[in-house]
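Notes to accompany the following structure.
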Amino acid sequence: MNLINRFVPKNDKLQLLHNDPTLTDAMSERLTSWFPKIPREYVVVCIGTDRSTGDALGPLAGTFLSEKKPKHITIYGTLADPVHAINLKDHIKLINGHHKDAFIIAVDASLGKSTSVGSIISDVGSLRPGAALNKDLPSVGDIHITGVVNISGFMEYSILQNTRLSLVVEMAKSIASTLEKVDLQLAYSKPFPAIVASNQKRKSGVEV
């Protein structure tokens, strides 16, 4: 869970409501526009825990995306195997060891203004998991997606626990659909065969 900085210039940031019919196309195009010109491995790290309704956005998005079986993206962080505050550093070490020079898309829930609740935001740069709860965790991602699940400013932990699950589920589905579209666009970019083969082996449980 991170906290949106209201004073950061928007630059190329894209913010849309989770039920906006243009979200999947617009955000997938924006995300891929930030990808490196030279093909690399692509890793999605969905951060959060299933023990908190509001903070379950990441694991839900990772689960929904995994069910779509992307071919060019490796996923970390699902309901069955979440990436959270306790194991985040271990997962970063694992990713750095298994995916050399990977391009990382971080996904996390966030708190923000009341008018932004329900919005999904994509932006360049890393995010700081746990910032909303004053946790000192390492930054993650070359680019990131955040979903504003509730308001910030007072008793953030309690607010997360009382966030409506229906909203979080719908937002997670929108994020998963966006990343599925990104995966399809990667298919047309013709990534190096070695990268594709490496991802397929990891998904099948073969160590590389």
So Thr146 ticks every box in (1) modelled with pLDDT under 95; (2) surrounded by 16 or more Cβ atoms within 10 Å (Cβ to Cβ); (3) outside any loop (DSSP other than H, G, I, E, B) but one. Which box is left unticked?
(1)
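Out of Val107, Val168, which single residue is hydrophobic (A, V, I, L, M, F, W, C) and assigned to a strand (DSSP E or B)? Working first, answer last.
Details: Val168 fails: assigned to a strand (DSSP E or B).
Among Val107, Val168, only Val107 is hydrophobic (A, V, I, L, M, F, W, C) and assigned to a strand (DSSP E or B).
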State which residue is nearest to Asp101 (Cα to Cα) when the search covers only segment 9-40 and only residues that are charged (D, E, K, R), touching a strand residue (DSSP E or B) at 6+ places or on another chain (Cβ under 7 Å) and not in a helix (DSSP H, G or I).
Arg40
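Report yes if Lys113 is farther than 16 Å from His18 by Cβ, of a type outside the set (Val, Ile, Thr) and loosely packed, with under 14 Cβ neighbours inside 10 Å, otherwise no.
Values: farther than 16 Å from His18 by Cβ: no; of a type outside the set (Val, Ile, Thr): yes; loosely packed, with under 14 Cβ neighbours inside 10 Å: yes.
The answer is no for Lys113.
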Mind checking which residues of segment 49-103 are in a loop (DSSP other than H, G, I, E, B), farther than 19 Å from Asp183 by Cβ and not small (Gly, Ala, Ser)?
Thr49, Asp50, Arg51, Thr53, Leu79, Asp81, Pro82, His84, Ile86, Asn87, Lys100, Asp101
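Hey, among Asp123, Asp108, which residue is buried (at least 20 other Cβ atoms within 10 Å of the Cβ), in contact with a Cys (Cβ under 9 Å, 6 or more places away or on another chain) and of a type in the set (Asp, Glu)? Please lay out each step first, then the result.
Working: Asp123 fails: in contact with a Cys (Cβ under 9 Å, 6 or more places away or on another chain).
Unique residue meeting the criteria: Asp108.
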Quick one: which of Val8, Val45 is among the hydrophobic types (A, V, I, L, M, F, W, C) and at pLDDT 95 or above?
Val45
Filter segment 87-126 down to residues that are among the hydrophobic types (A, V, I, L, M, F, W, C) and modelled with pLDDT under 90, then give me how many there are.
0
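Look through segment 48-76, keep the residues that are among the hydroxyl-bearing types (Ser, Thr, Tyr) and within 19 Å of Ser139 (Cβ to Cβ), and return whichever of them is modelled with the lowest pLDDT.
At the first step, the residues of segment 48-76 found to be among the hydroxyl-bearing types (Ser, Thr, Tyr) are 49, 52-53, 63, 66, 74, 76.
The next check asks that each one be within 19 Å of Ser139 (Cβ to Cβ); those that pass are 49, 76.
Numbers: Thr49: 93, Tyr76: 98.
Ranking the qualifying residues of segment 48-76, first place goes to Thr49.
The values are calculated or read from the model by the stated rules, or taken from the named source; none is laboratory data. These numbers come from a predicted model, not from an experiment. FYI the Cβ positions are ideal-geometry reconstructions off the backbone, even for glycines, and counts take in every protein chain you see.
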